[in-house]
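Worksheet for the structure shown next.
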Amino acid sequence: MGSNDVMAPLAAVPVFLDLRTASANPADELRASLAADAPFIAPKFFYDALGSRLFEAICELPEYPLTRAERRLFERHGDEIATRAGIDRPLVDLGAGNCAKAEQLFGVLAPSQYVAVDIAADFLRERLGELALRHPGLPVVGLAQDFTAALALPDVVQPGPRTVFYPGSSIGNFAPPAALAFLERTREACGRGGCLVLGADLVRDKRALDLAYDDPLGVTAAFNLNVLRNVNRCIDADFDVADWRHVAFFDSVTARIEMHVEARCDVAVRWNGGGRRFRATDRIHTENSYKYTLPGLRALLQRAGFGDTKVWTDEEGGFAVAVAAV
Ligand code: AVI
């Protein structure tokens, strides 16, 4: 090669492990949850390739301020987050999605390795490839897995202490006992001296919360209804999206957003290995999104065994970022 030849930048190919088959069979899980007395679809089924993109679009909506509030908190308190979390540690990003939230902290955390974990394998692989090009010196690992049930960190992941990153208020998608169990497992993954960086949406005005999950453009409706298309693919079902409508509301008693798809008319749906009739107005529960109070958030982290915890909130008091030490 002559000295004037231009060399294409070498892509640091990230290590990518698809660990999805190690967990429970998603098709069996779906068949069981659809046949239940109160049918439901676990929220992880939102995130096929289109669902992941629709979620990215939700994060841009003016009615969904959560992502922007969190970004501002990371901008404002990044240095202190790094002081508490420590630098030059493996950064384990749970539910990494497009990896943008963690990448925002690379400058201050200077991670020794970036480990992105997500159930949406193709989407994650694509985004990690792009990220690796932007950070050629950074060892990058992608793990496609359903970490909501159990978190498997193979040997390729550097040992603790680690910084585990769980932003975006995804903790709100667990019911309280499951949130506690999840945080206990996460504490183990951090290792002694490690820490958790957690984002949590807070209880606020019902009207604002209703709008955040039922936006006038219908992006959240598309995100919710798209789950039926993913179900069609997973279990060869014949849901017709046009037969269903999006329902979302904040319930102040349980402090959670509930999302459902509701039948517009009587429908019969078949899938591989079964089927079911739904009457008009019957609902399939697709997501809960719990909102926290600050004392509630602190108590949860303490019960999960975390120690010293610092919490920052945005000016409106609508969102919190916590750094909890092990
Ligand atoms: C991923 N998760 C934290 C989002 C939430 O707010 O519960 C998912 C979402 N559902 C509807 N809009 C956004």
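The values are calculated or read from the model by the stated rules, or taken from the named source; none is laboratory data. If you're wondering where the values come from, they're calculated on a predicted model, not measured in any experiment. Note: ideal-geometry Cβ built from the backbone for every residue, glycine included; neighbour counts use all protein chains shown. These area figures cover heavy atoms from the full protein model, side chains too; ligands, DNA and RNA do not enter into them. Shrake-Rupley method; radii C 1.70, N 1.55, O 1.52, S 1.80 Å.
Observations
- Pairs, first under 12 Å from I257 (Cβ atoms) in the stretch 271-296, second within 16 Å of the ligand (Cβ to nearest atom) and open to solvent by 70 Å² or more (accessible area, probe 1.4 Å), C-beta under 6 Å, six or more apart: H285/F40
- Exclusive hit being within 21 Å of the chain's Cα centre (by Cα) and farther than 12 Å from C99 by Cβ, set D118, D122: D122
- Scope the stretch 62-96; condition within 14 Å of the ligand (Cβ to nearest atom) and either within 30 Å of L30 (Cα to Cα) or part of a strand (DSSP E or B) (or both); matching residues: Y64, L66, T67, D93, L94, G95, A96
- Within the stretch 222-262, if we keep just the residues that are small (G, A, S) and crowded, with 20+ Cβ neighbours inside 10 Å, the residue that is farthest from the ligand (Cβ to nearest atom) turns out to be A237.
- Of the residues making up the stretch 32-55, those that are more than 16 Å from the ligand (Cβ to nearest atom) and open to solvent by less than 20 Å² (accessible area, probe 1.4 Å) are S33, L34, P39.
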